[in-house]
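Novice: First the structure, then my questions, so here it is.
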Amino acid sequence: MKQWNGLVWKEWVTMKWPLLASALLAIVVMLFFPLLITRLIDADMHVFEVALVICFLWAGASVLAPIVALLTMLGREMKRPDVWLHSNASIFKLIGTKVFLAAMIGAVGLLIPTLALAIHYIFSKSGIFSFNELLFFGIIFIVMLFAISLVFMSLGFFFWVIDRLLKPYIKGFSMVVTFVLFVLLSRLYGEFIVSDFYKQFVRIGPIDLMAIKNPMITTDFVYFQHTKTVFYTGEILFETIFTIALFIVAAVLFEKKVRL
């Protein structure tokens, strides 16, 4: 545990100032830009409505934060792989600490717009949604984005390793070949998830979140029906195993080939 904490601390010390600067920029943009926009634009709009759009876009962009952070850390280490890999820590610790920190960066990247929007809601007079409805659907949205960001990170790490494996043989063409492999595997995966096998054995155990929440979303002036939000426990389990397996396979390939 002490070794793990030391590796995480090393990554944090290296990246803390860019991360803190990015967090400060995010806070300034999402707290003050909605106020500035509503003052500059002569239109009948609420601050909360502008904040909702800005925070939504920022949260969407934060999906890429973990993969960008992980590849940045890996790229920095590969400038001196002899120093980085000259360690008695296992490859899963060396990679895992970076994955952990990258995931935390993604989580904070989603938490900031969530808190900023909550602050705007508290001080806003807009009544687009009630607090309970905003909280319910906001949690679903943030959790989904975080899960997607982890999948993107696992895919990015896997294909980064593939590129490293190919580079000694085909040099600059490794990125092209890696991209082609990504497209082909994405196509195969797309065909798999629409197959009868997937529908029968993976898309099982439906959970309708709207069954525990009134689907009539209340506003000041109207009610409207929200579409069903259904998740499948089989899909969640499959995606979790798939994501973890990609990390493990990539780490093993890195250990056996790239680390040599």
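The values are calculated or read from the model by the stated rules, or taken from the named source; none is laboratory data. Because the structure is predicted, anything quoted here is derived from the model rather than measured. Here Cβ is always computed from backbone atoms with ideal geometry, including for glycine, and neighbour counts include all displayed protein chains. Just so you know, the surface numbers come from the protein's heavy atoms only, side chains and all, with ligands and any DNA or RNA stripped out. Shrake-Rupley method; radii C 1.70, N 1.55, O 1.52, S 1.80 Å.
Novice: Given the criterion open to solvent by 30 Å² or more (accessible area, probe 1.4 Å), closer than 18 Å to Trp58 by Cβ, part of a helix (DSSP H, G or I) and out of contact with any strand residue (DSSP E or B) (no Cβ under 9 Å at 6 or more places or on another chain), identify the matching residue among Val151, Val143.
Specialist: Val143
Novice: Something else about it: Looking at Thr97, is it in contact with a Phe, Trp or Tyr (Cβ under 9 Å, 6 or more places away or on another chain) and farther than 30 Å from Leu57 by Cβ?
Specialist: Answer is yes for this residue.
Novice: Still on this model: Which of (1) part of a helix (DSSP H, G or I); (2) among the aliphatic types (A, V, I, L, M); (3) touching a residue at least 12 places away in the same chain (Cβ under 8 Å) is the odd one out, the single condition Leu57 does not satisfy?
Specialist: With respect to (1) part of a helix (DSSP H, G or I); (2) among the aliphatic types (A, V, I, L, M); (3) touching a residue at least 12 places away in the same chain (Cβ under 8 Å), Leu57 is out only on (3).
Novice: Right, here's the next one. With Leu24, Leu52 as the choices, which residue is under 21 Å from the mean Cα position of the chain (by Cα), farther than 30 Å from Leu246 by Cβ, among the aliphatic types (A, V, I, L, M) and open to solvent by 70 Å² or more (accessible area, probe 1.4 Å)? Steps first, please.
Specialist: Working: Leu52 fails: open to solvent by 70 Å² or more (accessible area, probe 1.4 Å).
When all the criteria are applied, what remains is Leu24.
Novice: Could you check how many residues of segment 120-134 are surrounded by fewer than 14 Cβ atoms within 10 Å (Cβ to Cβ) and not small (Gly, Ala, Ser)?
Specialist: The total comes to 5.
Novice: Taking segment 229-260 as the search range and keeping residues that are outside any strand (DSSP E or B) and at pLDDT below 80, which one is surrounded by the most Cβ atoms within 10 Å (Cβ to Cβ)? Lay out the reasoning, then the answer.
Specialist: Going through segment 229-260, the residues outside any strand (DSSP E or B) turn out to be 229, 233-260.
Then drop every residue that is not at pLDDT below 80, which leaves 229, 256-260.
Values: Thr229: 16, Lys256: 11, Lys257: 12, Val258: 19, Arg259: 14, Leu260: 6.
Step by step, filter segment 229-260, then rank; the result is Val258.
Novice: Considering only residues of segment 190-210 that are open to solvent by less than 70 Å² (accessible area, probe 1.4 Å) and of a type outside the set (A, V, I, L, M), which is farthest from Ile162 (Cα to Cα)?
Specialist: Among residues in segment 190-210 that are open to solvent by less than 70 Å² (accessible area, probe 1.4 Å) and of a type outside the set (A, V, I, L, M), the one farthest from Ile162 (Cα to Cα) is Asp208.
Novice: Right, here's the next one. Go over the candidates Gly156, Gly106, Gly138 one by one and state the one that is surrounded by 14 or more Cβ atoms within 10 Å (Cβ to Cβ), under 24 Å from Ile54 (Cβ atoms), out of contact with any Cys (no Cβ under 8 Å at 6 or more places or on another chain) and touching a residue at least 40 places away in the same chain (Cβ under 8 Å).
Specialist: None of the other options fit; the residue is Gly106.
Novice: Which condition from (1) modelled with pLDDT of 90 or more; (2) of a type in the set (Val, Ile, Thr); (3) over 30 Å from Ile95 (Cβ atoms) is the one that Ile212 breaks?
Specialist: (1)
Novice: Can you confirm whether segment 62-85 contains a residue that is within 23 Å of Ala245 (Cβ to Cβ), of a type in the set (S, T, N, Q) and touching a residue at least 60 places away in the same chain (Cβ under 8 Å)?
Specialist: Checking segment 62-85: not a single residue is within 23 Å of Ala245 (Cβ to Cβ), of a type in the set (S, T, N, Q) and touching a residue at least 60 places away in the same chain (Cβ under 8 Å).
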